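Q: First, the structure itself, so that you have it in front of you.
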């Protein structure tokens, strides 16, 4: 990759707090079916909880639905289409996907739901996102710190990969605009961002893409 290429930007906002029925309000089915996306986080048929920030998808039910498989369709951290399945919860319990989603566009079940089930999201303690899934260079960063001092980490390969760049924040609404050398910071296998809740009010990342 040459040092100069097309530069794009991506904004990461503050995720909405955990919402147990933000995707599907309580529903019961008589068999396999598609659930209605009617939660508070749904707009124009798509559920979301922040801007490019990921969350795991949760299912709660008043009675045991362990024999039911829930299928979720939406977009993953990298913005690509993603599907995941999850066995239903026990009575009065909540289960979560291991996969992170940025949006949900469909939820279905392969068997009858008893005593209502709710589908929502769980905001992780550390907000996560994907700047770019392939080889890239981060050219610049601009944002506003939140109410909690901490670090914004940029990791190679995945959200748990090697941290190649770290930006500290303060407890006041200060401008985040660190100097990055002209050649940028190279992420050979994708650039991923993570920051603890409260660390940011929002941030824009400029990258090769």
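Q: Tell me which of these residue 138 doesn't satisfy, since it passes every other one: (1) surrounded by fewer than 17 Cβ atoms within 10 Å (Cβ to Cβ); (2) farther than 25 Å from residue 16 by Cβ.
A: (1)
Q: Test residue 66 against the stated conditions and say whether it is part of a strand (DSSP E or B), surrounded by fewer than 17 Cβ atoms within 10 Å (Cβ to Cβ) and assigned by TED's automatic domain parsing to the domain that holds residue 23.
A: Spelling it out, it is not the case that residue 66 is part of a strand (DSSP E or B), surrounded by fewer than 17 Cβ atoms within 10 Å (Cβ to Cβ) and assigned by TED's automatic domain parsing to the domain that holds residue 23.
Q: A follow-up question, please. Does residue 53 count as buried (at least 18 other Cβ atoms within 10 Å of the Cβ) and either touching a helix residue (DSSP H, G or I) at 6+ places or on another chain (Cβ under 8 Å) or not in a strand (DSSP E or B) (or both)?
A: On the way: buried (at least 18 other Cβ atoms within 10 Å of the Cβ): yes; either touching a helix residue (DSSP H, G or I) at 6+ places or on another chain (Cβ under 8 Å) or not in a strand (DSSP E or B) (or both): yes.
Yes.
Q: Anything in the range 15-28 that is crowded, with 17+ Cβ neighbours inside 10 Å and farther than 18 Å from residue 94 by Cα? List them, or say none.
A: Hit for the range 15-28 is 15, nothing else.
Q: Going by what's in this entry, would residue 171 be described as closer than 30 Å to residue 64 by Cβ, part of a loop (DSSP other than H, G, I, E, B), modelled with pLDDT under 95 and more than 20 Å from the chain's Cα centre (by Cα)?
A: No.
Q: Oh, and also: Take the residues in the range 172-196 that are under 16 Å from residue 11 (Cα atoms) and in contact (Cβ under 8 Å) with a residue 60 or more places away in the chain; name whichever of them is surrounded by the most Cβ atoms within 10 Å (Cβ to Cβ).
A: 191
Q: Among the residues of the range 4-14, are any surrounded by fewer than 21 Cβ atoms within 10 Å (Cβ to Cβ), under 21 Å from the mean Cα position of the chain (by Cα), closer than 22 Å to residue 194 by Cβ and at pLDDT below 95? So that I can check it myself, show each step before the final result.
A: Step one: list which residues in the range 4-14 are surrounded by fewer than 21 Cβ atoms within 10 Å (Cβ to Cβ), which gives 4-11, 13-14.
Those left that are additionally under 21 Å from the mean Cα position of the chain (by Cα): 8-11, 13-14.
If we keep only those that are closer than 22 Å to residue 194 by Cβ too, we end up with 8-11, 13-14.
In the following step, the residues that additionally are at pLDDT below 95 were identified as 13-14.
Among the residues of the range 4-14, at least one is surrounded by fewer than 21 Cβ atoms within 10 Å (Cβ to Cβ), under 21 Å from the mean Cα position of the chain (by Cα), closer than 22 Å to residue 194 by Cβ and at pLDDT below 95, which makes the answer yes.
Q: How many residues are under 30 Å from residue 204 (Cβ atoms) and without any contact (Cβ under 8 Å) to a residue 40 or more places away in the chain when one looks only at the range 22-71?
A: Residues of the range 22-71 under 30 Å from residue 204 (Cβ atoms): 22-23, 37, 39-58.
In the following step, the residues that additionally are without any contact (Cβ under 8 Å) to a residue 40 or more places away in the chain were identified as 40, 42-44.
Count: 4.
The values are calculated or read from the model by the stated rules, or taken from the named source; none is laboratory data. Note that this is a predicted model, so its numbers are computed, not measured. FYI the Cβ positions are ideal-geometry reconstructions off the backbone, even for glycines, and counts take in every protein chain you see.
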